[in-house]
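Written below as structure tokens is the structure these notes are about.
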Amino acid sequence: MVMGDLVREVDVVVVGGGPGGYSAAFRCAELGLETVVVDAGKRLGGACLFEGCIPSKALLHVAAVLGEAERAKEFGVDFGPARVSLDPLRKWKSERVIARLARGLVGVARSKGVEVVGGRGVFEDARTVRVEGDEPQALKFRHVIVATGSAPARLRGVEPSERVMDSTAALEVPEVPERLLVVGGGYIGLELGQVYAALGSAVTLVEMTDGLLPGADRDLVQWVARRVEKQFAAVRLNARLEALRETAGGVEATVGGASLTFDRVLFAVGRRPLTEGLGLETTRAKTDARGFLEVDARCATAEPRIFAVGDATGEPMLAHRAMRQGKVAAEVIAGRPAAFDNTVVPAVVFTDPEIAWCGLTETRAAAEGRTVRVAKFQWAASGRAATLGRSDGVTKLVVDPESGRLLGAGIAGPGAGELIAEAALAVEAALLAEDLALTIHTHPTLSETLMEAAETLLRG
Ligand code: NAD
């Protein structure tokens, strides 16, 4: 018998060790189920830890420090010109941030008795996953949770290379290119565009729609739009990349008929689910036209033993949604009543300033023809924002006009990503705007802006 013939029976196999996968596996183990995670890299953390959320936030912290040092000149503190050394920066990101968190996840898995097997999981049938790669074996499962995540989308005719990067490559910070073209004005284009601009690149951003962060409310987006107008060499809206050609002098890009040369290009045009080549056709699980696995509120697919969570199941492709889904799938498999019935999946763009929202947005309310009341509080009137030298923000609430119930919130400004948590709780708990207004918020803090926005509604 060769290793690949070995068949093991386990309660739950989790395919993919990202936030959706490890959250599901940990909860399964807590509920007494024997659980094995199959991960191509034999590691827990996934794209989020190794090539997404965590490294990008580490780099954005570096950018924020550089930005603060620059702003400090306003109140008479001058640190002189910043010198950035890429080797220590990369080492800090990889060792002090990523590796430390990865070790933490290994420890949690060990303490809960979750085993991680290295290799690619492929369905042989609706009862068996074959592990291809480092530790070949067949795993017969009672249930399986597919948590294979997503990868950067590619543009037709554009091949990645040393100079044509996706977000994974850009997060390695191979160098600080003099001229960087960013294709896509969404989450990644803005976050990484700002990182490279802070490190010294002349960034040109090309976005095919008529605004940055399509889908988000314009009165929030304008704050980051104004900032990048100053920070970037150029922001081109309604502009498509028509052609890309590598030359001796760099990468030649054709945008709107004009030809421009850059040292590197970053593609950030969305992400695609990793559901191909998984052998799903041997099961009854279904994918939609874009390749997302179809799941119900219990995170179950059409094949009763197969569950799926995270980016592989559709938008919004956010780690915190995946984590919640992972826990739901685990609970359902363990026979508990559970459903992914959350009202809000908060979103944060970790730019400077940050943009965050949760629940119903004004844009969606308008698209659905829903009448809402909107309350806004400009940070120019916030004491805390003034002391930080950061009056560039706004807090707004979207409220049901009849009941006064809070339906959604949006915040632009530094720290918006933390502040949105209060609004998310309020919407999830079906609180009234009045509840926010009557809750004492610490003074002076940015959290007061939520209370202040709610108070404007009480004034009629
Ligand atoms: P995105 O969907 O946020 O933005 C892609 C942008 O590219 C859009 O604005 C789109 O109009 C534009 N675009 C598409 N094709 C184009 C073309 N040919 N030329 C010019 N512009 C083009 O996608 P992303 O920024 O790649 O991020 C992928 C996903 O990763 C996000 O949707 C999000 O789910 C996740 N993400 C989240 C965070 C966070 O939570 N802070 C950060 C990064 C990524």
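The values are calculated or read from the model by the stated rules, or taken from the named source; none is laboratory data. What you are looking at is a predicted structure, and each value in this text was computed from that prediction instead of being measured. Every residue, glycine among them, receives a Cβ derived from its backbone with ideal geometry; neighbour counts consider all protein chains shown. The accessibility values were calculated without ligands, DNA or RNA, using every heavy atom of the protein model including side chains. Shrake-Rupley method; radii C 1.70, N 1.55, O 1.52, S 1.80 Å.
Observations on the structure shown:
- Relative contact order of the stretch 370-433, taken over Cα pairs closer than 8 Å and 6 or more residues apart, is 28 percent.
- Accessible surface, per residue, of the chain when the full set of protein chains is kept, probe 1.4 Å, Å²: 46
- Residues with amide H under 5 Å from that of R271, placed H, sequence gap 5 or more: A153
- Full extension of the segment from V7 to T445, taken as 0.36 nm per residue of separation minus the current Cα-Cα distance, would add 151.9 nm.
- Column: log10 I(q)/I(0), Debye, Cα scatterers of the stretch 347-459, q = 0.11, 0.19, 0.20, 0.22 Å⁻¹: -0.30, -0.91, -1.01, -1.21
- Whole-Hz Karplus values for the stretch 167-184 come out as 4, 4, 5, 5, 5, 6, 6, x, 6, 9, x, 5, 10, 10, 9, 10, 9, x Hz, taken residue by residue from phi with 6.51 cos²θ - 1.76 cosθ + 1.60 and θ = phi - 60°; glycine and proline positions read x.
- The phi torsions of the stretch 243-253, fed into the Karplus equation with coefficients 6.51, -1.76 and 1.60 and a -60° offset, translate into couplings of 7, 9, 9, 7, 10, 5, x, x, 10, 9, 10 Hz, rounded to whole numbers, with Gly and Pro shown as x.
- The mean of 1/r over all pairs of different alpha-carbon atoms in the stretch 290-389, once inverted, gives a Kirkwood hydrodynamic radius of 16.5 Å.
- For the chain, the Kirkwood estimate of the hydrodynamic radius, built from every pair of different alpha carbons, is 23.8 Å.
- Each Lys and Arg contributes +1 and each Asp and Glu -1, all at the Cβ; summed about the Cα centre of the chain, the dipole is approximately 340 debye.
- Once backbone amide H atoms are built at 1.01 Å from N, V255 has E242, L260 as its partners under 5 Å, excluding neighbours fewer than 5 places away on the same chain.
- Taking a sphere under 9 Å around the Cβ of G17 and counting the other residues whose Cβ falls inside, with K and R at +1 and D and E at -1, yields a net charge of +1.
- Sorting the segments 320-326, 100-106 by their mean number of nearby beta carbons within 10 angstrom, highest to lowest, gives 320-326, 100-106.
- Computed over the alpha-carbon atoms, the stretch 331-399 gives an Rg to Rh ratio of 1.15, Rh here being the Kirkwood radius from the mean inverse distance.
- For K42, the amide hydrogen comes within under 5 Å of the amide hydrogens of G119, counting only partners 5 or more places away or on other chains and with H modelled in the peptide plane.
- Among the lysines of the chain, pairs that are 8 or more positions apart or on different chains and have alpha carbons within less than 23 Å of each other number 15.
- Taking a point 7 Å from the Cα of D134 along the Cα-to-Cβ direction, the residues of the stretch 4-43 with backbone N closer than 18 Å to it are 4, 14-19, 21-22, 36-43.
- Couplings 3J(HN,Hα) of the stretch 361-368, computed from phi: 9, 5, 4, 6, 4, 5, 5, 8 Hz, in residue order, whole Hz [Karplus 6.51 cos²θ - 1.76 cosθ + 1.60, θ = phi - 60°; x for Gly and Pro].
- Summary value for the stretch 15-151: 36 percent relative contact order, contacts being C-alpha pairs under 8 angstrom separated by 6+ residues.
- Hull volume in cubic angstrom per residue (convex hull over the Cα atoms of the stretch 3-132): 133
- Projected label points at V158 and L101, each 7 Å from Cα along the beta carbon direction, are separated by 2.6 nanometres.
- A339 sits among other residues whose Cβ lies under 15 Å from its own Cβ, and their net charge, with Lys and Arg +1 and Asp and Glu -1, is +2.
- Taking the 1.4 Å solvent-accessible surface of the chain as the whole, the part contributed by carbon and sulfur is 52%.
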